[in-house]
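Throughout, read-outs are computed from the coordinates displayed, never taken from laboratory work. All values derive from a computational prediction rather than experimental measurement. Cβ coordinates were reconstructed from backbone atoms using ideal geometry, including for glycine residues, and neighbour counts include every protein chain displayed.
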Amino acid sequence: MSVLDQLLVFAFMTGAVASFIGDRRFAGTLLAILYFGQFLLLVKLAPLGYGAQPVVSAWQPALFGEVLVWRMDALGWYFALITVVAGWLVTWYASGEWGQGYRERGGNLGLMHTAVAANVVAMLLLLSSGNLLSLFVGWELVSWAGFLLMVMNGRESGGVSGPAGLRYITYATLGAMALLAALAIAHHASGSFEYIDLIDAVDQMTGPTRVSLVIAFALAFTIKMGLLPFHLWQAPAYAYSPGPGGAFLGAISSRVGLWGLAMVFGSLIGIGRIAGIELIPGWFDLRDVFMWVAALTIVLPTFTALRQNDARLLLAWHGIGQGGYMLLGLAAGDALGTGGGLMHVLNHASYQAPLFLAVFAVMHRTGTSDLNRLGGLVARMPLTFLVMLIGIIGLAGLPPMNGFVSKYLVYISLLRQGEPLLFILAVIGTLGTVLSVFKLLHNTFLGQLRVEHMEVREAPWSMLIPMLLMASVVVVTGTAPGLVLDWVASAQAALGLPVLDHTLGGAAGLDMLWVSGVLVYGFAVGTLLFLSGNKSRRVHQFDNYAGGHFLTAENQYQYSDQFYAGLMHHIGGWYRASFTWAESVVIASVDAMSAAANGFFRRTQAVFLLLLATLGSVAWLLWGVGS
Amino acid sequence: MIPELHVGWVLFAGAIGLIAIGVGGLLMSRDLFRVVLALAITEAGANLLLVLSGYRFDAIAPIVTNEVGGVMVDPVPQAMVLTAIVIGVGVQALALGLVLRIYRAYGSIDVAEVRRRMDDDIAAEAGLPLPSGREKPAVHS
Amino acid sequence: MNAIVLPVVLPLLAAFLLPSLARIWSSAARVLGPVLMLVSLCVLWTTWGEHPTPFVVALGGFQPPMGIAFHVDSVAMLFAFLVAGGALLMWPAWTDDDTMPRLAALTLLLVAAATGLALSGDLFNVYVFYELLSVASFGLVSARRTGAAFAAGFRYLVISGFGSVLALLGIALIYLRTGTLNIAHLGQLAPESLADPFGLAAFALLLLGFGVKAELFPVNTWVPEVYAGSSARVAGLLAGVVSKLAVLVVVRMLVVVFPHDETRMLLLILGVVGVLSGELAAWSAKDMRRMLAFSSIGQLGMIFIAFSIPGEAGWVAGLALVLHHLVVKSGLFLIADRWGGALQSLTGAARVSPFTAGLFVLFALSLIGVPPLPGFWAKLQLVIGLVENGNGVYLGALLVFLAATVIEANYLFRLAVAMYAEGASSTVTAPSGGNRIGAAIFAAVLVAAVFLLNPLSEAIDDLAVVGNDATGYMDSLAGGAR
């Protein structure tokens, strides 16, 4: 039994424990300990992150003449580490007061723990898949485990989680069927489901076969990542999942799409071969398609996020946009770009999860995530504010947080490759991110405290510690990105991509140790100046005036609704509407075909059909043999 | 000189003609009873074709007698046709029984009317709005 | 004579005796059918163990190809086994009232005919059993004695009757050419006498004639109203078991007598259109019965696609799909007994019976093909088989199949999500105990199959070799009858 087997068995056991005793009071704590055990087993596998050979599972069942193989390499280990840590911390978050509250609101806590554990198991199975068949099995398990987490929140979400989940599973099945088609093409070309055989067979493939293989893989993985134009399912599905579940899904679940694309771009087909498929010879190839899709995925969902007034939806829409950066880097194909793209996976998970959890902590205390009904909570929930502050700096990609490092690598890669337009789009996306995360922070924590929130207390420690741990990851890996870049470089090596040359402080001329040092120095100077000045005096927020008026609960000097009204007026909502319109066209045409099929069964003269079919098939056979 | 018309061809033509008549009847009848009749005619045509498939005009009946010599007609199709006719009669009796039941239930044996009532009944049983747009299905036994 | 005829003869005998027995001792009459099914299962089990190679049973002592023969190989035994097992689990005549004797007798007749269909090695015998099957199923469909049941039964009768005429025409054409109806003998003669347009036309007639029961497009327009108008158990029997027997007949003819590209292509195209029309119609179905009916049209289309793949790959995929669909659709129809009405009324049904809703989700997942459930492995075999052929039409079929699966996932889980909707109260009642137990047994079979995938896959591979072995089928003639 290899360490990988131990890990998988342990993860299964965690799931079993969750399903049996998940609704007990102590279950969350016990499960968090079990997840920590999984984490320790992953630490035991840590040599993978530093260039060790892949670990193979001893269990290789053969079914219908096909073998299922599990084998974890550096890429899988990197993603698995994020998955298990995310699962561990969100379960910890749910283990105390949040879980109690969830149960009191009528939620099924046991089911939620089970669903999270099932997601972790499915992810581990997928990430350690050693051939295409086990990849598909893991893929479907991840899809359906995610579905379970999305639809279980019926009452909490006011009934919207069901339709959102149904939309998700329809898209996911479409992706799964694309993957099945890719499997079939690969099996046809190589005669087996093994990665090695496929890699060997790629060169011998005819042009159309290779193109259809790339398209089938790309369809499967982009749908899961929620890239344009298949992004509509993601935001509502994640936003209305139960809090820790939503944080887990938003942090890592949809990144398995990127994991798949990394395999396609790296080892299975190769970004060079994809760039060799020219759509307009000399001008535009298949790789450009990926890059432009990625760039548009950065811009459009980010500006959709800007329009959201529900904090959960705002974050979920950002999750889609951040996926664009990852793909943009990956499709750039060089050491900088792929390194930045892969590093962004960990960075994104490390700030997206605490941001979600912070929003759910605010919901836990105030009962709402409506950005027009919050404000001023910094005075009541300072540590939650700190978590969100660190998170949004990371999300916006500003130094000294880790989000800056990965985005910087992607930018440099784009500039070096001579893609100024894509660079500009990426920067526009960052601008939109800055605007909208400021809206999130401001409308939740800054401004005036609302009267109904006067008595709100800070979130309990059971929720704060996991959030603070995640936030500390953002700071630490922002200051010393080399920690993560070691793993990223091993993953690049495992994929056969160019390996990023890096130091502890960063790569490509960036030294975050230095940058952070300067910032800390500047901060220290500012603090000294602040302390050396006159003492400020605290007053109650209504003990003040604005524009000659005294302030009351009704008459505030600062409002948090209708944020960016002017900007909203200018950017409009046409791009969002165009995708929903396209989706409704597809649904309408299926509807029309369905009505036709129903009409066929309802109205036709059966005997007439039988006769027609007989004559037709007899004629066809006579003609077929005659010619 | 008029070419000699082989009796076999006439019979073949007759069989196919019966089938054609039957199919026409199945397609055009608006009345369940006529549908049953048309089905019976079609079956008769098929049976005739089957018996012709093994028939030889220069042979004797396939009965073992003391008479010596002579080719016997293939008895298998005849046995099969007898079976088919018996089955056909059974099915027709069942069909007529069903027509009677339908008439008792719906008071009509018009194809379109029965179809509409059936759709309404199925929808009503499932708790769906009636396809015909009526409020509720007419009472039946 | 061989014990293998007992599964045909005993139910036939019992079907005629049962109405009289019911007058004397009604409780014995009630259990007679299920007991006979158990006996049949035992007989088939022991025969399966005793005779590893195909053999022929001559009825009435005449040696084939002259007499009427049963051709017994493992594929035929499997289908006979499925008939007895399916009828046992779906037994529709547990009722206490006066309809019991009639229902039981008709079911026994159906079982006898279906078993005969599986075992027959003679085309005319096939026809006779097929007609017997038809008559029994008309009776069962109309057994609810409502106007809708009679009307649906009548429409079914007309389509099926006309289909029989076509089949008879096909048989006549074949006999005209070859002078024999023994399938093994036909297989030997076919390369000279039936490999021309004339013979292929005969195949087309047989295909469409027998295709009526196999829910083959376009002769399946009876399906929705019959499944909606008859009782759920009868619908489950027709969709789960009877349709598969008709498939077996068609596929036997395809493999042994008409192994041509044209005939396979015909089967493939009709299968593809069947998948499309069935799944699309199910997408907008408003009640569960008709949703299941349309979905079974789609699934049968997939089975036809599978069998149209040449070689053993087609048989592996086809048999796997047949077994899977039988288990899943029978279970779903048992659930639909009480829950077959408007989909709207099922909103929140999971709180009425969480167990039943759970079973529905399990069946739906397997039907969509989510690993590791058996449905996935069946569909995987189909996908691999289709691509291995590499031919453009087969690839088109693959695309249609994949798209249909997406539609399937959507409509099945639209219902599943609605069942679990909170805050809604459903008007339906929990399924009866018998139906719940039956559905649970099918679910247990499905789950057990996950753990027994390896032996199952080996067994299916062996069966596929036998099923695809046309020469083996023909050689059984030379072995002489027992």
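For the range A:411-464, applying the loop criterion from DSSP together with a ceiling of 13 other beta carbons within 10 Å to the GluC sites (Glu not before Pro) yields A:GLU455. Taking the C-alpha atoms only, the angle from helix A:461-479 to the longest principal axis of chain A is near 80 degrees. With a simple spin-label model that places each label point 7 Å from the Cα along the Cα-to-Cβ direction, the separation between A:LEU40 and A:ARG155 comes to 3.8 nm. If R0 equals 60 Å, the separation of the Cβ atoms of B:ALA20 and A:ILE199 corresponds to a calculated FRET efficiency of about 0.45.
Dividing the radius of gyration of the alpha carbons in chain A by their Kirkwood radius gives 1.01 for Rg/Rh. Here the simple spin-label model places points 7 Å from the Cα toward Cβ, and for A:VAL451 and A:GLU583 these points are separated by 4.0 nm.
On a 0 to 90° scale, report how tilted helix A:109-127 is relative to the longest principal axis of chain A, with both axes built from alpha carbons and the result rounded to the nearest 10. The angle comes out at about 60 degrees.
Over every pair of different alpha-carbon atoms in the range A:31-168, take the mean of 1/r and invert it; report that Kirkwood radius in Å. Don't jump to the answer; show the numbers that get you there.
On the way: mean 1/r = 0.0610 Å⁻¹.
Taking the inverse mean of 1/r over all distinct Cα pairs, the range A:31-168 comes out at 16.4 Å.
Kindly put C:HIS325, A:HIS540 in sequence by how many other C-beta atoms sit within 10 Å of each C-beta, fewest to most.
Numbers: C:HIS325 24, A:HIS540 8.
The fewest-first ordering by Cβ neighbours comes to A:HIS540, C:HIS325.
Counting only Cα atoms, the range A:275-420 measures 59, 27, 19 Å along its principal axes, largest extent leading. Cross-link partners for C:LYS244 among the aspartates and glutamates, with Cα-Cα distance under 20 Å and sequence neighbours closer than 8 places in the same chain left out: C:ASP73, C:ASP122, C:GLU131, C:GLU215, C:GLU225, C:GLU279, C:GLU312, C:ASP461, C:ASP462, C:ASP469. With the simple model of a label 7 Å out from the Cα in the direction of the Cβ, A:LEU469 to A:GLN6 spans 2.0 nm. The magnitude of the dipole of the range C:121-265, with charges of +1 and -1 set on the Cβ of Lys/Arg and Asp/Glu and taken from the Cα centre, is near 580 debye. Taking a straight line from the alpha carbon of A:LYS439, these lysines sit under 27 Å away, with near neighbours fewer than eight places off in the same chain left out: A:LYS407. A viscosity of 1.306 mPa s and a temperature of 10 °C, combined with the Kirkwood radius over Cα pairs in Stokes-Einstein, give a translational diffusion coefficient for the protein assembly as shown of 48 µm²/s. Length available on full extension from A:PHE20 to A:LEU531: 0.36 nm per residue minus the Cα-Cα distance, which gives 178.4 nm.
What pairs from A:LYS224/C:LYS286; A:LYS44/A:LYS224; C:LYS286/C:LYS329 go past 25 Å between their alpha carbons?
Details: A:LYS224/C:LYS286 30 Å; A:LYS44/A:LYS224 30 Å; C:LYS286/C:LYS329 18 Å.
Long pairs (Cα-Cα over 25 Å): A:LYS224/C:LYS286; A:LYS44/A:LYS224.
Give the order of C:TYR394, C:TYR130, A:TYR545, A:TYR325 when sorted by the count of other beta carbons within 10 angstrom, beginning with the fewest. Before the final figure, lay out each step's value.
On the way: C:TYR394 21, C:TYR130 27, A:TYR545 10, A:TYR325 30.
Least to most surrounded, the residues fall as A:TYR545, C:TYR394, C:TYR130, A:TYR325.
Note the angle between two axes, namely the Cα long axis of helix A:482-495 and the longest principal axis of the Cα atoms of chain A, as a number of degrees from 0 to 90, rounded to the nearest 10. That works out to roughly 0 degrees. For the range A:1-269, a crude dipole built from +1 on the beta carbon of Lys and Arg and -1 on the beta carbon of Asp and Glu, taken about the Cα centre, is about 640 debye to the nearest 20.
Extension gain, A:ASN372 to A:VAL518: 0.36 nm times the residue separation minus the Cα-Cα distance gives 48.9 nm. Once backbone amide H atoms are built at 1.01 Å from N, A:LEU63 has A:LEU68 as its partners under 5 Å, excluding neighbours fewer than 5 places away on the same chain.
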